[in-house]
Amino acid sequence: MKAALLGAIFFSLCAVSSTSHAACALAAIMGAPELPGDNRPHQTELIELRDSVNSYLSRASRRLDACRGANPFVYNAAIDRLETYAEDFNRLIQQHNTEIVAAN
């Protein structure tokens, strides 16, 4: 009886620990600045957005480093989300630069 109770407590602690590590990885990537959709941002908006995006990516990377014990699936999904976000921002910048070159 005592062994079963200790086993249940140990299992509960492992489950809570695993969940908290997953929550750590997910919380690390929260708060991303919103990227503009169809509307075309102006140069000054892009500069401000670039600063916000760079700050967000470095902050999220530091937070993820602190979540080393996270579930590998959740941790890798969080990293994938950061990479996708960075690619989306880079695509936005490239599109803006292409439009500027085409206008000249």
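A short reminder: the numbers here are calculations on the coordinates, not readings from a lab. Please read all numbers here as calculations on a predicted model, not as lab measurements. With ideal geometry, Cβ positions are generated from the backbone for all residues, glycine too; neighbour counts draw on all protein chains shown.
Of Ile79, Ser52, His42, which is farthest along the charge dipole of the range 31-92 in the positive direction, counting Lys and Arg as +1 and Asp and Glu as -1 at C-beta?
Checked the options; the winner is Ile79.
Would you mind computing, in nm to one decimal, how far apart the modelled labels at His42 and Ser58 are, each placed 7 Å from Cα along Cα→Cβ?
Between His42 and Ser58, the label points sit 2.7 nm apart.
Tell me, what is the FRET efficiency for Asn97 and Ala27 to the nearest 0.05, using R0 = 30 angstrom and their Cβ-Cβ distance as r?
E(calc), rounded to 0.05, equals 0.35.
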